[in-house]
Structures are given as C-alpha cells and as structure tokens.
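Since every read-out is calculated from the coordinates, none of them should be taken as a lab result. Keep in mind the model is a prediction, meaning the values are calculated, not measured. No Cβ is skipped: glycine too gets one built from the backbone with ideal geometry, and neighbour counts run over all protein chains shown.
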Amino acid sequence: MTIQLIEHGIAHSDTAHFGDAQESPVAFAGTAAGGRNEGETSGDHNARTLYQHGTLALLVPGLFDGTLSMGELLTHGDTGIGTGEGLDGEIIILHGTPYQVRHDGGVVVAPDSFMLPFANAHWADFSPLGDLEDRSKAELSDLLLKTTGLDNTFFAVTVTGTFKNMHTRACAKQRRPYPSLEHTAQQQRVFDAESTEGTLLAYYSPQVFNGVAVGGFHMHYLADDHTIGGHALDFRVDKVRVAVQRFDTLQEHLPVANPRYLEHDFSSDDITGAIASAES
Ligand SMILES: [Zn+2]
C-alpha cells in the first residue's frame, strides 16, 4: 500500500514539478523509515483520524448555533479549521493555537469558551511532499491529487511559504433568527494581498462526502504577520513547501444537544448547490 503510493509519487514527479519529489516522494509518516507506525504519535493521539464537529449541510439552512467549545475541539487536535457561532469569522488552528480571522480583518486567538457550529481538527503528523513554485490554486489542487493518489480518502495539506494575489474572505457574525448560508454571502468581507508569506491549511474530502464536508479542498490561510487570513478563495503559489497527512477515519460528531438541529427537515435544502456557491 505504502510502496504503491511512493511509486505513484515518483511516477508522476515529472509532471508534478515538486522540486525534490525525486529524492523525497510521498512517504507517509512512519511507514518508509521504520520505527513507529503511521499515525501513531505521542500519547493517545491518533493522527489517522480526522475529527469533525457539525456538517457543512447544517450551515446551509442557517443552523449557526455554537454547539462545541474551542476548548473541547482542541482535545481532538492541534491543527484545524472552522467557523464561530453565527459564522463569526474563520478559524485556523496551527500548532495548537486557534486563530480567529474576524470580519474586520483582525486576527485574534480564540478563547476556550469560543463556540463553533462547524469545525475540523486533527493531530499534526505531516509528511513532506516537496517544494513548489508558481502555481494557481487549481493547479495546486490537481497536483496534490495526482501526486498523492488520495482522491478517495480524507487528507490534510499544509502549504507554507510565499503566495501572490491571496484572496480570502471572512464571514460576518449573524444574529438569530439566522439567515440561510446563501444570504450571509452578501455580508462577508474579502481581503487581498499582492504578496504574502504564511501557512495555508487545506482539508480534502472525497466528493461522496460533499454535504458532510466540502467535497474537494477546503482551505484556510493565515499570514505569518497576521495581516491577512481567512477562507482562501483564490491565490497563486509563489514559493512554498508542501506537506500531506493522510487519514483513514472520519470521526463525525453531531450537535445532538441542539434542538434546532434535531428538528430541522433537511429534505428541501439545496445542500450541494448552496455549498458550491458559498465555498468557492
Ligand atoms: Zn472555510
């Protein structure tokens, strides 16, 4: 399994243009060099599990109640993305620190009491994939799938380095009664940076899970100097280092203590249509 993936990486490295792909193709943590097994990190942390609270689908009709605290989310990982109650900004968790990119563009550390309707988290155990220069967002996405061969499972990606034409958005906190996801789009703020250095954190979900999560890539960004961040709508990779972490398990946690969630009838919601327009 692992060997095949490595060969796959080598076989496609000429088209992939990952700078050092020849020397270090995809070797998922712990499998190539022996020692610990893949995903077995320190303590009880399972790095092969992606934890998710809520679903993308519940955001579509406006179920924006905060149903999980940041403190609880951080017991499931040191890396992640999400949004706050009422779609209060964009969350990116890096090295155990949960940053909130607010609607006004400010970046703050979210307290443990910060509530979220939707979030992903996992324990970081990334494997280097290679270096990359001068690629569009679409080219990066294609390359990631070609090089890793992970179309049919969940994985996380970190892209660190310099970017051009970074274009992000942050939602504005909505008040009850919440509007639908589509109606919040008019109140999101967008941010642009011609040149920026930072970390892009992406989660890939197979298309069959579209609705549970965002089918395809869901990307959040934070500049090292915190001058720009949020949900990454578009960008061009300038000079970056790419690392990947494969999951074999999705732990899906649902807000069963929330009556609005339990009572909602999802049958008439245009889940995939709304996600496509809101997340791209
Ligand atoms: Zn997002």
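Before moving on, here are some points about what is shown:
- In this simple spin-label model, placing a label point 7 Å from the Cα along the Cα-to-Cβ direction at both Thr153 and Lys239 gives a separation of 3.4 nm.
- Each residue, His183 and Asp112, gets one label point 7 Å from its Cα in the Cβ direction; the gap between the two is 3.7 nm.
- Anchor Lys164: lysines whose Cα lies under 26 Å away (excluding residues fewer than 8 positions away in-chain): Lys137, Lys146, Lys239
- Per-peptide average of other Cβ atoms within 10 Å, ordering 45-56, 68-79 highest first: 45-56, 68-79
- Rounded, prolate or oblate (a/c below 1.5 giving rounded, otherwise prolate when a/b exceeds b/c) for segment 126-233 by Cα gyration tensor: oblate
- Scoring 146-154, 120-128 by mean Cβ neighbours within 10 Å over their residues and listing the highest first yields 120-128, 146-154.
- Three-way shape label, segment 236-280, alpha-carbon gyration tensor, a/c 1.5: oblate
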